[in-house]
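I have placed the structure first, in the form of structure tokens, so that the comments after it can refer back to it.
Please treat every number below as a calculation from the coordinates, not as lab data. Treat the numbers as computed from the prediction; the structure is a model and nothing was measured. FYI the Cβ positions are ideal-geometry reconstructions off the backbone, even for glycines, and counts take in every protein chain you see.
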Amino acid sequence: MIGAMLFASVLASAAGQGGCADHWAVVLNAESFASNGAGKSFGATELEAFRSKAEGQIKAAINAACQSGAVKSAAARGIERISISSASGASDPFIYSTAKGQLTFEWIFAEEDLAIPAEKDVITGAACWTNPDGPACSSPGD
């Protein structure tokens with residue numbers, strides 16, 4: 001009984017804290033999807049469904065990365081907005097700062113039919129944003 005109460009207290013405490021990326025506004029760079037290297041067209045409804053799905057997955061990945069220490073929570077909490085761009089030729093997800101409090105997330109979204117990279121790849125991209133000299137950003141042979 002005491003164990004169950006303690007467990008419930010821990011869960012309530014964790015739920016009240018929220019994740020480090022929960023407050024991010026996630027927007028699409030519409031031009032990058034309209035003029036993409038794959039020559040594909042996407043309707044407004046399709047892009048909004050993608051944006052919503054991407055928002056959930058990106059926030060979940062970044063929140064997990066903050067919990068594991070792969071991304072510094074203070075850095076993530078300083079972000080207000082992330083813009084998603086389809087970038088032909090970007091074989092790896094790339095997350096970088098474009099202005100104070102703003103990030104851009106580039107990947108071959110159009111070429112991949114609006115798929116979202118695996119969580120581990122989003123985390124690797126985010127770890128490179130927060131620590132460009134860290135081990136996640138090293139190329140083999142460095």
About its Cα centre, region 20-133 carries a charge dipole, from +1 on Lys and Arg Cβ atoms and -1 on Asp and Glu Cβ atoms, whose size in debye to the nearest 20 is 380
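Could you tell me which of rounded, prolate or oblate describes region 46-88, using a ≥ b ≥ c as the square roots of the eigenvalues of the alpha-carbon gyration tensor, with rounded for a/c under 1.5 and, failing that, prolate when a/b is larger than b/c and oblate otherwise?
Working: a/c = 2.32, a/b = 1.93, b/c = 1.20.
Cα axes put region 46-88 in the prolate bin.
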Taking K and R as +1 and D and E as -1, what net charge do the other residues with C-beta under 10 Å from the C-beta of ALA90 add up to? -3
Can you give me the relative contact order of region 43-142 as a percent, contacts being Cα pairs under 8 Å and 6 or more apart? 26
Positive end of the charge dipole of region 20-133 (Lys, Arg +1 and Asp, Glu -1 on Cβ, about the Cα centre): tell me which of ALA34, ALA64, PHE109 has its Cα farthest that way. ALA64
How far apart, in nm, are two points set 7 Å out from the Cα along the Cα-to-Cβ line at THR98 and at SER35? 1.4
